[in-house]
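First comes the structure, then the notes that go with it.
The values are calculated or read from the model by the stated rules, or taken from the named source; none is laboratory data. Small disclaimer: the values here were computed from a predicted structure and weren't measured. Ideal geometry is used to build each Cβ from the backbone, glycine not excepted, and the neighbour counts take in all protein chains shown. Ligands, DNA and RNA are stripped out before the accessible areas are found, and what is left, the full protein with its side chains, is counted by its heavy atoms. Shrake-Rupley method; radii C 1.70, N 1.55, O 1.52, S 1.80 Å.
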Protein chains: 10
Amino acid sequence: MLKTRLLHPEMLSALGGAGHGAKVLIADGNFPFGTGANPNAQRVYFNLAPGMVKVTDVLRVLADAIPLEAAEVMQPATGGEPPIFDEFRALLPKEIALKPLGRFEFYDAARQSDTALVIATGEERIYANLLLTIGVVMP
Amino acid sequence: MLKTRLLHPEMLSALGGAGHGAKVLIADGNFPFGTGANPNAQRVYFNLAPGMVKVTDVLRVLADAIPLEAAEVMQPATGGEPPIFDEFRALLPKEIALKPLGRFEFYDAARQSDTALVIATGEERIYANLLLTIGVVMP
Amino acid sequence: MLKTRLLHPEMLSALGGAGHGAKVLIADGNFPFGTGANPNAQRVYFNLAPGMVKVTDVLRVLADAIPLEAAEVMQPATGGEPPIFDEFRALLPKEIALKPLGRFEFYDAARQSDTALVIATGEERIYANLLLTIGVVMP
Amino acid sequence: MLKTRLLHPEMLSALGGAGHGAKVLIADGNFPFGTGANPNAQRVYFNLAPGMVKVTDVLRVLADAIPLEAAEVMQPATGGEPPIFDEFRALLPKEIALKPLGRFEFYDAARQSDTALVIATGEERIYANLLLTIGVVMP
Amino acid sequence: MLKTRLLHPEMLSALGGAGHGAKVLIADGNFPFGTGANPNAQRVYFNLAPGMVKVTDVLRVLADAIPLEAAEVMQPATGGEPPIFDEFRALLPKEIALKPLGRFEFYDAARQSDTALVIATGEERIYANLLLTIGVVMP
Amino acid sequence: MLKTRLLHPEMLSALGGAGHGAKVLIADGNFPFGTGANPNAQRVYFNLAPGMVKVTDVLRVLADAIPLEAAEVMQPATGGEPPIFDEFRALLPKEIALKPLGRFEFYDAARQSDTALVIATGEERIYANLLLTIGVVMP
Amino acid sequence: MLKTRLLHPEMLSALGGAGHGAKVLIADGNFPFGTGANPNAQRVYFNLAPGMVKVTDVLRVLADAIPLEAAEVMQPATGGEPPIFDEFRALLPKEIALKPLGRFEFYDAARQSDTALVIATGEERIYANLLLTIGVVMP
Amino acid sequence: MLKTRLLHPEMLSALGGAGHGAKVLIADGNFPFGTGANPNAQRVYFNLAPGMVKVTDVLRVLADAIPLEAAEVMQPATGGEPPIFDEFRALLPKEIALKPLGRFEFYDAARQSDTALVIATGEERIYANLLLTIGVVMP
Amino acid sequence: MLKTRLLHPEMLSALGGAGHGAKVLIADGNFPFGTGANPNAQRVYFNLAPGMVKVTDVLRVLADAIPLEAAEVMQPATGGEPPIFDEFRALLPKEIALKPLGRFEFYDAARQSDTALVIATGEERIYANLLLTIGVVMP
Amino acid sequence: MLKTRLLHPEMLSALGGAGHGAKVLIADGNFPFGTGANPNAQRVYFNLAPGMVKVTDVLRVLADAIPLEAAEVMQPATGGEPPIFDEFRALLPKEIALKPLGRFEFYDAARQSDTALVIATGEERIYANLLLTIGVVMP
């Protein structure tokens, strides 16, 4: 067992091969994991059951493991911002503002070749998807 | 043996990796399973023999396992609607209307990258193809 | 998203291909997932971080998804039974008694060709390993 | 669509590469498909749902497609012969007598390297497993 | 050994996964099997030696195994129709007319994604290539 | 198209990687191609249909392409030598005597790691199997 | 060991699957074997050491094994024709004229999907690359 | 252990299959190794830890192993040339001038199909990326 | 770029799938990496050049990333302990004593199925091999 | 093109992953390359044509690239030592004596798991096989 906080072999492998500008998708349980993102990205499945694990569980560990420089979210067409966005803000570095995209715009962004890793969760809340851009570790 | 109704390992695997907006094709025995749909979709073969299993056998199990939000059908150019369309309506959620497509339009739709799963049957009735769009499980 | 409680595509695929007498290992975060079990078994990684997810989280979902007929545990050589064994008993069907094995006996059991699935967790408690035998679904 | 009765591409491929003395397992829904048979045999999954398809559905098609010369069955330790054995006899060539094996003897037989094909069904009846030996097509 | 007339495991597998509108190429011994047809089509090699097996040997078996609805041939630019075209007509269903294509047109047709199967022969006669379109088995 | 007599890419590849003491099996249509021979040998399928191609068709081409130094045949337990053995003798180099083995002895010989190539035919005559040992090309 | 002159299993396999109009590249030791030719072509490496084997060594064997109908060469932008071109002419059939292409034109030609085989040599002479087009074996 | 200076099997394999005009990327620890370069290039990971190994460590060995004819670098948009560029100049052949590209221009160059090898380092200095073009070994 | 000290994707992946009792080999540049250790272990190559990287470079990073509980070394038959053993002791946890094995005993130990990871270095010092056993992370 | 003498990517890759005690087989054109040596060894084919390339051509390059410490040869049962043995002695380091093995003993030695690389040549001389053991590069 590694002594780091992030333990997952496939996430570590994908992140160790990623870098500045590469993107990581943390997707809720209703996201089309296979067809809605870059087909060449590594897939990691944490969708054990509804509500387990949550997008925020993964974000908490990920934000600790890699530098982040941007975050895109899927915004409902109507009805305002979902409550989970505030949880995202609390877990992300302060200087990162959420960039809202429409549902199909979000799929298009996730399908770009920059997406290196897709993490499927069992998150039950809808519109709980986060597309993170990796930043730089300064020496 | 799982205690769920749907038991098939490859269907479960494909559906567990699919989600909102992904599509599932249930194809009759004359459909070109390999060349007439998204080459990256998972193929599952239930075409044991003519008439076994039927498209409606698969639909009955599938409609119980995943939420559905749309259904496309292959409409003959002439001669009106095939009788199987009414069986489709009876097995689908009431709020879903069948959207008819011409034969080559239907192939084009099935070849899109949204198609995650192609289920081959031994259905003998012609024009008995159904392209389903997965919906959302609300928390 | 499937409507079942168990959502994970690789677990569903492995369990849909398993059956009476096949075994499933739920392993704590210190277990040698790769070398300590049947090399041909499917591996599934839930070891996000220390304490996430727990062996008991997986057991709760698994016990709901498949019939169980036996359970083996890894027993410390000294110091009596670990407290987690009582949690195992609470989550398993009443008629199943835990069968304790020594550390190396447990590895030997997990390396047999009957083991179909190895589930890695981030469980921090030590000696928190469970080797379950699948039972029968009666018609 | 082939004009033969047996349509299934993976079954046809496995049977076209098999021959005199090779064995085919038709297994009920509780059989451990992955771990209870020759690991190098082709697996075909017809376990759509409980009761679909049945072992006898597959047998009816298979008995028409290949010559058979022997049949082994899994016999319960107590309680006499399961009723499905008479259905097996009705579908098999008259000259073939069922050879009963105990549960673990049956697994051992199915794990031999002669087993070329494992067909998983959703058969709900227990002890409904059949290990067939392919015979000879005379010129 | 199957009791059907067509015995070849790879041809059976490709045809069992094909259907209405998919194409099958039977190519003479000088055809560029690898580069002159759809790269994703299944390749089957019957080119044992010059003259063995012939395109007409394969056609005779294939025309018995699947329904056909169209046939394209490669027509020499000069010198009229090759004598083998009459043999093709004799082996094909009466209602099918040969559709002649120029050499490079024929390659283009064979390279389309509809081509599911490429069968290489040792046929010595030149311009002895046939691109067949699969039809429908009516119930 | 090669200018040699043997044209088949997979046979040429297997023979180009074989040598003195390696064995080649030419099997009749009832032979268990997959399970009755060395699992690591290359398989080549010429079993188009009953009677096509014949074991002797393959032997004629093979005997021309490689040096041979021994030949084993499968001898029926009763009823004397099958008539095809004389055809084998006529096609093999004069100095090679057929070495008869019983049915299961023959399978055991074909399963040895020396078998480099298994050629499946559609030969209808029974007991028409030949296990050839490659000899030496002298400079 | 085959009795033919060409013995190499991977070259034989690629050529046995090629045909009229397919191309074969014989490249000198400085050619970018991986990135400068059709990515789907078979690669064969004869670049043991500088000067071993030579492009002309390969050409001598190849010209004997397959019919040729055209030859393209890489022509230096300045300085006239390299002396090796006359060696090419001596080894090629008389009726074939060398067609000169510029360096980047030559890469473009070699990257086309018609290129079936790339043969890397250790040839030290520069501009010693040859892109051959396979012809027809007449019956 | 080879007696050459460059020992690494995967680098040797990629370079032995490369040649004039192919490119090699040596990337610093923040480079997106997977998504920021030609997906078909060989990846080699030397990113053991921050600062180990350095881009200049790799360059020193590489410049000794292959001829070089050009070098592109990633130039910061502001702030002038990074100090590491002078180290690059000292290690490269004198006649090679560094060609500066902007960050996204550099990714575009690295994503071209000419890039044969991507070497990931743990280099901590930022903007320490080098895209080398292989030259010619003269006889 | 991960924020951990160990950055290497393949090492992280292998260690994230390892655990208590699994072994990691750090091998000097003369070790037979492929044939002298468990064939199923992950191989990682750091053998850039003689002396780069060193076994002690890897050990320093590894000892920080995972708990260790034992260490085996390859002891020369004559001439006493190599000086590098003291460097090993300085980098390993104090409570770990080096267990010396003879050359062939060491290969035998490394070939056991417990070895999960083989790290090849360019270490020039001979007898500089270390076979580490992973310990336990206590909660 | 590498600046080393040995250029071949697959040989370099196999040798870069080999080391002290690993073995390399250089085999004449009649050797059973596939079945007569360790199935897990890398195969490299230089058998272009009879007499090209020779075992001694490969040995000359190999002896320059790696340290050698032992050499086994295949000794004819009768007729004394083949003349090629003296060529071997001339190309090998002086301190290495040829160790003769009988034909089947030699196969047994080559089939051991220590054999890392099998190099097939077109050598026409018989009994021209050499099984080399890699030595140590001293710092």
* Structure fact -> The answer for F:GLY19, listing residues at least 5 apart or on another chain whose modeled amide H is closer than 5 Å to its amide H, is J:PHE33
* List J:LEU91, G:LEU15, ordered by accessible area with a 1.4 Å probe, largest first -> J:LEU91, G:LEU15
* Scattering from the C-alpha atoms of segment D:28-93 alone, worked out with Debye: what is log10 I(q)/I(0) at q = 0.18, 0.24, 0.25 1/Å? -> -0.89, -1.41, -1.44
* To do: Report ³J(HN,Hα) in whole Hz for each residue of segment F:25-40, in order, from the Karplus equation J = 6.51 cos²θ - 1.76 cosθ + 1.60 where θ = phi - 60°; Gly and Pro get x.
  => 9, 10, 10, 6, x, 9, 5, x, 4, x, 9, x, 8, 2, x, 8
* Heavy-atom SASA rank of C:ARG103, F:ARG125 (probe 1.4 Å, accessible area, largest first) -> F:ARG125, C:ARG103
* Asked: What residues qualify as long-range amide H neighbours of H:GLY36, i.e. H under 5 Å apart, gap of 5 or more or another chain, H built at 1.01 Å from N?
  -> none
* **More than 18 angstrom apart: percent of Cα pairs within segment C:89-139** => 45
* Mean accessible surface per residue for segment C:10-90, computed with a 1.4 Å probe while every protein chain stays in place, in Å² -> 30
* Which one of I:GLY79, I:GLY34, I:GLY102 has the biggest mean-square fluctuation once chain I is modelled by GNM with Cα springs under 10 Å? -> I:GLY79
* With θ set to phi - 60°, apply the Karplus curve 6.51 cos²θ - 1.76 cosθ + 1.60 along segment G:63-70 and write out the HN-Hα couplings as whole Hz, x wherever there is a Gly or Pro. => 5, 8, 9, 9, x, 10, 10, 7
* To do: Shielding by partners for B:103-109, please: the mean number of other protein chain Cβ atoms within 10 Å of each residue's Cβ.
  => 1
* Structure fact -> Using alpha carbon centers only, segment B:83-108 is separated from segment I:1-58 by a whole-angstrom value of 56
* Asked: In straight Cα distance, which lysines are under 20 Å from G:LYS94, not counting same-chain residues fewer than 8 positions off?
  -> F:LYS3, G:LYS23
* **Total formal charge among the other residues, if their Cβ is under 12 angstrom from that of G:GLN112, Lys/Arg +1 and Asp/Glu -1** => -2
* What's the average, rounded to a whole number, of partner chain beta-carbon atoms within 10 Å of each residue's beta-carbon in B:73-82? -> 0
* Structure fact -> Between I:THR115 and residues 5 or more places away or on another chain, the pairs with built amide H atoms under 5 Å apart involve I:LYS23
* Solvent-accessible area, 1.4 Å probe, carbon plus sulfur percent, for segment F:1-94 -> 49
* Structure fact -> Diffing segment D:76-87: the Karplus 3J(HN,Hα) column from phi (6.51, -1.76, 1.60, θ = phi - 60°), in whole Hz with x for Gly and Pro, holds x, 5, 9, x, x, 6, x, x, 5, 4, 5, 5
* Sum up the charges of everything whose Cβ sits under 10 Å from the Cβ of G:THR56, counting Lys and Arg as +1 and Asp and Glu as -1, but leave G:THR56 out. => 0
* Structure fact -> In square angstrom to the nearest 100, the accessible surface buried at the F/E interface, both sides summed with a 1.4 Å probe, amounts to 2100
* Asked: Taking K and R as +1 and D and E as -1, what net charge do the other residues with C-beta under 10 Å from the C-beta of B:GLY17 add up to?
  -> 0
* Asked: What average number of partner chain Cβ atoms lie no more than 10 Å from the Cβ of the residues making up C:61-71?
  -> 2
* To do: Looking at chain C, send over the antiparallel percent of its DSSP beta bridges, to the nearest 5.
  => 40
* Using only the alpha carbons, work out the radius of gyration and Dmax of chain E in angstrom. => 13.9, 45
* Structure fact -> A convex hull over the alpha carbons of the protein assembly as shown yields, per residue, a volume in Å³ of 196
* Within segment E:76-139, list the chymotrypsin sites (Phe, Trp or Tyr not before Pro) lying in a DSSP loop whose Cβ has at most 14 other Cβ atoms in a 10 Å radius. => none
* Treating only the Cβ atoms of Lys and Arg (+1) and Asp and Glu (-1) as charged, compute the dipole magnitude of chain C about its Cα centre; round to the nearest 20 debye. => 240
